[in-house]
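So the structure is just underneath, and the comments pick up after that.
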Amino acid sequence: MPSKKYSIGVIGDGAWGTTLAVLLAEKGYPVTVWGAFPDYVHQVSKTRENVKFLPGVRIPPTVCFSSELEHVLAVAEMVILATPSQYLSGVLKQIRKCQYKGKPFVSVVKGIDPATLMTMSQVIKQELGNIPLAVLSGPTIAIEVARKIPTTAVIACKDHVLAKELQQIFSCGHFRIYTNDDVRGVELCGSVKNVIALACGICDGLGFGTNTKAALLTRGLVEMARLGKILKARPETFVGLTGLGDLATTCFSPNSRNRSVGYELGKGRTIKDILASMDSVAEGVLTAKAVHGLAKKLKIEMPITEAVYKIIYKGKSAQKIVHDLMSRTLKREA
């Protein structure tokens, strides 16, 4: 069992941050959730339901909410970072002004920064220094975890003692946690799989079938592992929960935001219109730009990623891109 009952601060009131807050509160941990918009924070605190991001899930009265970041950091002994990747750097700059040193941090943020091509843990350490840091990742659709559907995930951390303690903190009857010290591999999996999920959604929007989606998923996994190999991640991570597991969930689940955005792209809608109609963030959109940049920098062949990038950022026709993918030079499977 954990050595102490940490008071936990959750930075981000989206679906996943709220789900983890509920899970930990039900295990008896004092939890305070930070949200950026005071009016909405007040609404959620009063109604005990996050109608925008996690509708239908009752939030226990023991979960506190605040729009004052300084307050949340002051009362928290452990911090969960659950903001969208595109806002993480800005939030971290605010955290630097608060009491954060000595507290363990857990990142559940998936993405790669398009400007610096850094993973989220690298961004966190750049802003906050050498803090105790772990990454929680895996096939974890928030609403399923909130409904107590059996789910598994991974705590990735270089500190074995901290990893084991966090494993105990997050594990419960419907949420089983494994440990892994391949932080880079786990983060790459959690990021790049969103780009492949966009491709699978496009496939659905175009009216293609299971054959096409299976091809995208398996060849997408090859691209993920290819990037991981160059960046010194462990190959087995890519066929584990945070690789193949998370990829399958994100590509097939109707609750996957990235698959849903891809579906609308396949139907012919523009990315601008799709994103304007969403409250939540589809991480794969920015990640596609970042991974495309990484592939170019490292001279790695990632044709599915490049195809998604061209559809989103160059306005290319999805039908034409599919034709180009299928017409590539024939080769041995590898």
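Below, the figures for the structure above:
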read-out	value
Sites Ala214 and Gln86, calculated FRET efficiency, Cβ-Cβ separation with R0 51 Å, nearest 0.05	0.95
Pairwise label distance in nanometres, Asp324 with Glu68, each label 7 Å out on the Cα-Cβ vector	5.3
Proxy reagent accessibility, fewest Cβ within 10 Å first, across Ser317, Ser107, Ser260	Ser317, Ser260, Ser107
Quarter of Cα convex hull surface for segment 1-146, i.e. mean projection, nm²	8.6
Exposure proxy order (Cβ contacts within 10 Å, fewest to most) of Cys189, Cys200	Cys200, Cys189
Estimated FRET transfer efficiency (Gln126, Cys172; beta-carbon r; R0 25 Å; 0.05)	0.15
Extension reserve of the Lys97-Ala334 stretch, reckoned as 0.36 nm per residue once the Cα distance is removed	80.5 nm
Separation of alpha-carbon centers, segment 26-78 and segment 126-162, rounded to whole Å	19
Theoretical gain in end-to-end length, Leu231 to Thr179 [0.36 nm per residue, Cα-Cα removed]	16.7 nm
Globularity index of segment 187-326, i.e. its alpha-carbon radius of gyration over 2.2 N^0.38 Å	0.95
Projected label distance in nm at Ile300 and Thr270, using a 7 Å step from Cα toward the beta-carbon	3.2
Proxy reagent accessibility, fewest Cβ within 10 Å first, across Trp34, Trp16	Trp16, Trp34
The chain: calculated mean residue ellipticity at 222 nm from DSSP helix runs of at least 4, using -39500 (n - 2.57)	-15500 deg cm²/dmol
Solitary cysteines of the chain, where the nearest other Cys Cβ is not under 4.7 Å	Cys64, Cys98, Cys157, Cys172, Cys189, Cys203
Extension reserve of the Gln43-Phe252 stretch, reckoned as 0.36 nm per residue once the Cα distance is removed	72.0 nm
Rounded to 5, percent antiparallel among DSSP beta bridges of the chain	20
Listed pairs Lys193/Lys213; Lys213/Lys310; Lys4/Lys101; Lys93/Lys229; Lys5/Lys97; Lys289/Lys320 exceeding 24 Å between Cα atoms	Lys93/Lys229; Lys5/Lys97
All Cα pairs of segment 243-334, percent lying beyond 23 Å	28
Descending semi-axes in Å of the chain, equivalent ellipsoid built from Cα gyration tensor	33, 21, 18
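Bear in mind these aren't lab numbers, they're just calculated from the coordinates by the rules spelled out. These numbers come from a predicted model, not from an experiment. With ideal geometry, Cβ positions are generated from the backbone for all residues, glycine too; neighbour counts draw on all protein chains shown.
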